[in-house]
Amino acid sequence: MINFTQHYQDFLDNGDPRVASWPMMDSPMKAITLVVMYLGFVKVVGPAWMRDQKPYELRIPMVVYNFLLVAISTWIFFNMGMLGWFTKYSWRCEPIDYSNNPDAVRMAEIGWFFYMTKFIEFADTIFFILRKKESQITSLHVFHHSLVPITLWFGIKYGPGGYNSIFAFLNSFVHMWMYLYYGMSALGPSFQKYLWWKKYLTLLQMVQFILVFTFMFQLTFFPTCHVSKPLLALNVVQAIIFFGLFLNFYTGSYKRTKRQSKEKVETTSSNSTNGYKKEDQVDNEYVRRRKTSVHKLKYIDVNYVTEPVTISA
């Protein structure tokens, strides 16, 4: 037990000393505790609490929340861009700068802010529960919100900046558009016509993971590029897992939407055809009954019998 405690302490001590005193960075246990609390609320407490409650009307809070995250994501994206990815960072090999250089420290700080937003984003799921929209809480949604905060802790603790900031940089760009979509959706039906680009959000997510995987994988071919193999493996594995999950979600949603559209067309066509046949059968039955009482009428074209026959004996 003592040996394990010492190894764990050594593990923590090997982190970046610049971030050691920052909130939530002394140990991964705080992040893990928040994730466990999140899962407990999502899976047990929230649904049980709302079982006999009416859905909350949260349109205004949701609008504020989503556009706030648009602003935060935009701020993170452009700061990371100007500190490195738009300017001096190499897209082939960018080692992490652990010095107290102002730009390097600032990049670490922006990464920490990005890490903190992952806990704010727990509200995505909480809004669903409070509005009794549990059907929209997919396994992918919960898994994504649960795993990313924990993996980001390791990223900020041991590799803030440099090549290891690529995920935060790209993900903040994706979240700019994702929360813009959510915010516009929350504004009401009048904005639905501007949301035709919904299906491209999942594609954008998948492109993000492809870029992260490609960037990290190509680093293995540069032996002179100083990278952490554990951080490299963490990024690659996470990118593969999430790409597979999002691809499965996208293809499933696409097939379901395509099937529903086909069923709708078939139902409409069936209703139209059945309506014609029913009307035609009624008219023929009416003519048949009336023919017995019409002696002088030699010929009736049933195709034109749309109104009651007035000729009678």
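The values are calculated or read from the model by the stated rules, or taken from the named source; none is laboratory data. What you are looking at is a predicted structure, and each value in this text was computed from that prediction instead of being measured. For neighbour counting, all protein chains shown are included, and Cβ atoms are generated from backbone atoms with ideal geometry for every residue, glycine included. Side chains included, ligands, DNA and RNA excluded: accessible areas come from the protein's heavy atoms. Shrake-Rupley method; radii C 1.70, N 1.55, O 1.52, S 1.80 Å.
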Margin query: So, in the range 1-57, how many residues would count as being among the charged types (D, E, K, R) and either part of a helix (DSSP H, G or I) or surrounded by 14 or more Cβ atoms within 10 Å (Cβ to Cβ) (or both)?
Written below: 7
Checklist line | the range 120-142 - residue that is in contact (Cβ under 8 Å) with a residue 60 or more places away in the chain and assigned to a helix (DSSP H, G or I) and, of those, farthest from the chain's Cα centre (by Cα) | finding: Leu130
Check: Of (1) open to solvent by 30 Å² or more (accessible area, probe 1.4 Å); (2) touching a helix residue (DSSP H, G or I) at 6+ places or on another chain (Cβ under 8 Å); (3) of a type outside the set (Asp, Glu); (4) within 26 Å of Met184 (Cα to Cα), Ala71 satisfies all except one. Which?
Finding: (2)
Next item on the list: Give the range 214-253 a look and list any residue that's aromatic (Phe, Trp, Tyr) and either surrounded by 19 or more Cβ atoms within 10 Å (Cβ to Cβ) or in contact with a helix residue (DSSP H, G or I) (Cβ under 7 Å, 6 or more places away or on another chain) (or both), or say none.
Entry: Phe215, Phe217, Phe242, Phe243, Phe246, Phe249, Tyr250
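Here's the yes/no breakdown for (1) at pLDDT below 95; (2) loosely packed, with under 12 Cβ neighbours inside 10 Å:
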position: Asn171; (1), (2): no, no
position: Leu187; (1), (2): yes, no
position: Tyr194; (1), (2): yes, yes
position: Gln205; (1), (2): yes, no
position: Gln208; (1), (2): no, no
